[in-house]
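Okay, structure first, notes after.
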Amino acid sequence: MDFKLEAEDKGSKARAGVISTDHGEIKTPIFMPVGTAGTVKAVHQRELKEDVSAQIILGNTYHLYLRPGLDVIEGAGGLHKFNGWDGPILTDSGGYQVYSLANTRKIKEEGVTFKSHIDGSKHTFTPEYAIDIQRTIGADIVMAFDECTPYPCEYGYARKSLDMTHRWLKRCCDRFDTTEDKYGYSQTLFPIVQGSTYKDLREKSAETIASFGREGNAIGGLSVGEPAEMMYEHTEIVCNILPKDKPRYLMGVGTPENILECIALGVDMFDCVMPTRNARHGLLFTSEGIINIRNEKWKSDYSPVDEALGGYVDSFYSKAYLRHLVHSKEMLGAQIASIHNLSFYLWLVGEARKKIEEGTFIDWKNVMVKKLTRRL
């Protein structure tokens, strides 16, 4: 993997770059649709490429490991062959699921033992096994195994967890560096900065992660319930330490406002389930603000969903028709809304990139944040 910086904004720390992988280029800043179980919910791969303009998608190690299982994925020749997506794929390590399965897991130095949410069977992820699983899934970018601490979190626990995450990172790197790429293309490993909401721990973690010299770095443990201003504060602390010549990935973030603010702080890569999850409940992010398509006011609104985006679903379908589908619980409603929201997110980061290249990002960002947070 290679990363090249192409432009930097004079009024902020926003930057535009290109990540090169064996499965194609990724123009940053970028939003990555989340394909938890090998699919971005309700969206075909063709639609992801042609309508959404996605450049990279995510897979979830925990879910894919449990179902369909590594034997099925390996038998297909990796996740790219299994689901038909021929662009880059990033997989998380399962660390976030460890965090979310607090009632059914045990964390030890060796790794994490947890119960499957599907059938209650017991499994263990070690740092080494998390790397092996992601190799087998076939991700272009694999994530180090870490512990995502909750918010709020006591300082003592956060410090012990961070030290363990750093020890786990060493084990991840050792395993990654002594195993081969699978399926004939290059794979790369990103470490993850942790440290809860403590400045000294975040600084320590960012310095430690940077010292490993990997090809990219991630920021984890934010957007887990802390106030947005706190998330921005700690993102800025970390971005000031992580090397400028490597891509920075802020995991699990977030709203359009969050993304724009964090681009301004120097983040290059984002992912979140929000676009598709909210779409299934009729909440649309648009170029003019937020729409609850279930509301009565859209019942006879025959204007396009969001013509400014220019895509098929946004130009072809009306708000009134989409409202009807959502109210009728028709599957097509969830599909249209999901494609729209994802298209909007990719449009937003694409516009951000243009403004960075033009040198007008910060003024544009300040206007857009106000516009995108209003309810229509």
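The values are calculated or read from the model by the stated rules, or taken from the named source; none is laboratory data. Because the structure is a prediction, the values reported are computed rather than measured. Heads up, the Cβs are rebuilt from the backbone with ideal geometry, glycines too, and the neighbour counts pull from every protein chain shown. Please note that ligands, DNA and RNA were not included when accessible areas were found on the heavy atoms of the full protein model with its side chains. Shrake-Rupley method; radii C 1.70, N 1.55, O 1.52, S 1.80 Å.
Annotations for the structure displayed:
- Mean separation of Cα contacts under 8 Å, 6 or more apart, over the residue count of the chain: relative contact order %: 19 percent
- DSSP finds beta bridges in the stretch 69-221, and of those with both partners inside it, around 50 percent are antiparallel.
- On a per residue basis, the stretch 1-89 carries 42 Å² of accessible surface, using protein heavy atoms and a 1.4 Å probe.
- Estimated from the Cβ-Cβ distance and a Förster radius of 35 angstrom, the FRET efficiency linking Lys81 and Ser12 is about 0.30.
- Under 15 Å, Cβ to Cβ, from Thr276 - net charge with Lys/Arg +1 and Asp/Glu -1: 0
- Across the stretch 75-115, the residues whose backbone nitrogen lies under 16 Å from the label position 7 Å along the beta-carbon direction of Lys170 are 109-111.
- Share of pairwise Cα separations in the stretch 218-270, more than 12 Å, in percent: 59 percent
- Taking 7 Å steps out from each Cα toward its Cβ at Thr39 and His117 produces label points 1.7 nm apart.
- Sparse packing (at most 15 other Cβ atoms within 10 Å of the Cβ) combined with a DSSP loop state is found for the following chymotrypsin sites (Phe, Trp or Tyr not before Pro) in the stretch 271-376: Tyr302.
- In this calculation the C-beta distance from Asp200 to Arg374 is compared with R0 = 25 Å, giving a FRET efficiency of 0.10.
- Within the stretch 296-363, trypsin sites (Lys or Arg not before Pro) in DSSP loop having at most 16 other beta-carbon neighbours inside 10 Å: Lys299, Lys329
- Cα pair distances of the chain binned at 10 Å [whole percent]: 5, 24, 33, 26, 10, 1, 0
- Candidate lysines - alpha carbon under 28 Å from Lys122, same-chain residues fewer than 8 apart omitted: Lys41, Lys106, Lys108, Lys160, Lys170, Lys182
- Placing dummy labels 7 Å off each Cα toward the beta-carbon, the span from Lys354 to Phe212 is 3.7 nm.
- Carbon plus sulfur fraction of accessible area for the stretch 147-248, probe 1.4 Å, in percent: 50 percent
- Only alpha carbons enter this Debye calculation for the stretch 143-258, each as an equal point scatterer, and the log10 of I(q)/I(0) it gives at q = 0.10 Å⁻¹ is -0.29.
- The residue among Tyr62, Leu242, Leu325 whose Cα reaches farthest toward the positive pole of the charge dipole of the chain, with charges on the beta-carbon of Lys, Arg, Asp and Glu, is Leu325.
- Cα-only Debye scattering, the stretch 1-64: base-10 log of I(q)/I(0) at q = 0.26 Å⁻¹: -1.09
- Between Lys27 and Ala320, the C-beta separation translates, for a Förster distance of 35 Å, into a calculated FRET efficiency of about 0.50.
- Taking GluC sites (Glu not before Pro) in DSSP loop conformation with at most 14 other Cβ atoms inside 10 Å as exposed sites, the chain has its longest uninterrupted site-free stretch at 1-108.
- Label-point separation, Val72 to Arg277 (7 Å along Cα→Cβ), nm: 2.4 nm
- Kyte-Doolittle mean at least -0.5, axial Cα span of 27 Å or more - DSSP H helices of the chain: 331-358
- The fraction of accessible area contributed by carbon and sulfur in the stretch 24-139 is 48 percent, rounded to a whole number (1.4 Å probe; ligands and nucleic acids excluded).
- Gain upon complete extension [Ser300, Lys108; 0.36 nm per residue less C-alpha separation]: 63.4 nm
- Percent antiparallel among DSSP beta bridges (both partners in the chain, rounded to 5): 50 percent
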